[in-house]
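Novice: Quick one: the structure is below, and I'll ask about it shortly.
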Amino acid sequence: MRRKRYILTNRAAGDLREARAWSRARWGKELTNRYFDDLDEGAQYIAENHASLRGRHDLAGGTALLLHPVREHYLLYEPLDDQIVVIVAVIRQGRDIPAILQKWAAPIRRELTEIRAAIKSGKIHVPTGRRRPSQLRKRAKNT
């Protein structure tokens with residue numbers, strides 16, 4: 001059976017870099033690493049269970065995006081198919097999510113279109129089989 005995967009948009013990776021820098025400065029390396037492990041597990045949970053999750057449409061700002069809370073953040077995502085979910089943004093809970101999504105709607109749509117095209121053309125390969133290193137942790141560290 002193919003393992004369901006998630007991939008990150010550039011926006012989500014940038015959100016994670018900002019969150020990691022803030023968290024590390026405030027809480028230190030160990031707590032930050034634990035927090036990001038939880039975010040990674042949350043993203044993988046979304047990938048594996050997105051069909052049965054309540055996506056918080058009330059906060060989606062009129063977009064087709066879905067939201068799932070993980071600790072102090074929302075992971076905003078869109079399933080591309082049964083096997084692949086794209087994490088499009090990571091936003092701290094308590095912020096004005098609908099307003100943020102309205103502002104980011106066009107760039108998010110553009111990036112999702114590019115990701116779909118890249119997957120279709122083979123430029124983005126979503127691996128199958130054994131677990132790979134966490135994209136979320138890896139991309140958040142690349143600062």
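The values are calculated or read from the model by the stated rules, or taken from the named source; none is laboratory data. All values derive from a computational prediction rather than experimental measurement. With ideal geometry, Cβ positions are generated from the backbone for all residues, glycine too; neighbour counts draw on all protein chains shown.
Novice: Among the listed residues 91, 87, identify the single one that is part of a strand (DSSP E or B), under 28 Å from residue 23 (Cα atoms) and modelled with pLDDT of 95 or more.
Specialist: 87
Novice: Within the range 7-57, can you find the residues that are among the hydroxyl-bearing types (Ser, Thr, Tyr) and closer than 16 Å to residue 69 by Cβ? Let's see the steps before the verdict.
Specialist: At the first step, the residues of the range 7-57 found to be among the hydroxyl-bearing types (Ser, Thr, Tyr) are 9, 23, 32, 35, 45, 52.
The answer is 35, 45, 52.
Novice: Let me ask you something else. Taking the criterion of being at positive phi and without any contact (Cβ under 8 Å) to a residue 12 or more places away in the chain, would at least one residue in the range 18-31 satisfy it?
Specialist: Yes.
Novice: Run residue 21 past the list (1) surrounded by 15 or more Cβ atoms within 10 Å (Cβ to Cβ); (2) modelled with pLDDT of 90 or more and report the number of the one that doesn't hold.
Specialist: Here residue 21 meets the rest and fails (1).
Novice: Looking only at residues that are loosely packed, with under 13 Cβ neighbours inside 10 Å and at pLDDT below 90 in the range 55-75, which one is nearest to the chain's Cα centre (by Cα)?
Specialist: By that ranking, first place goes to 64.
Novice: With 114, 78 as the choices, which residue is modelled with pLDDT of 85 or more and outside any strand (DSSP E or B)?
Specialist: On the way: 78 fails: outside any strand (DSSP E or B).
None of the other options fit; the residue is 114.
Novice: Hey, another quick one. Pull out all pairs, ordered by first then second residue, where Cβ-Cβ is under 8 Å, the residues are six or more apart or on different chains, the first lies in the range 40-55 and is part of a loop (DSSP other than H, G, I, E, B) and of a type in the set (A, V, I, L, M), and the second is at pLDDT 90 or above and buried (at least 19 other Cβ atoms within 10 Å of the Cβ).
Specialist: 53/46; 53/68
Novice: Which residue, of 121, 52, is more than 19 Å from residue 14 (Cα to Cα), surrounded by fewer than 18 Cβ atoms within 10 Å (Cβ to Cβ) and modelled with pLDDT of 90 or more?
Specialist: Within the list 121, 52, the selection yields 121.
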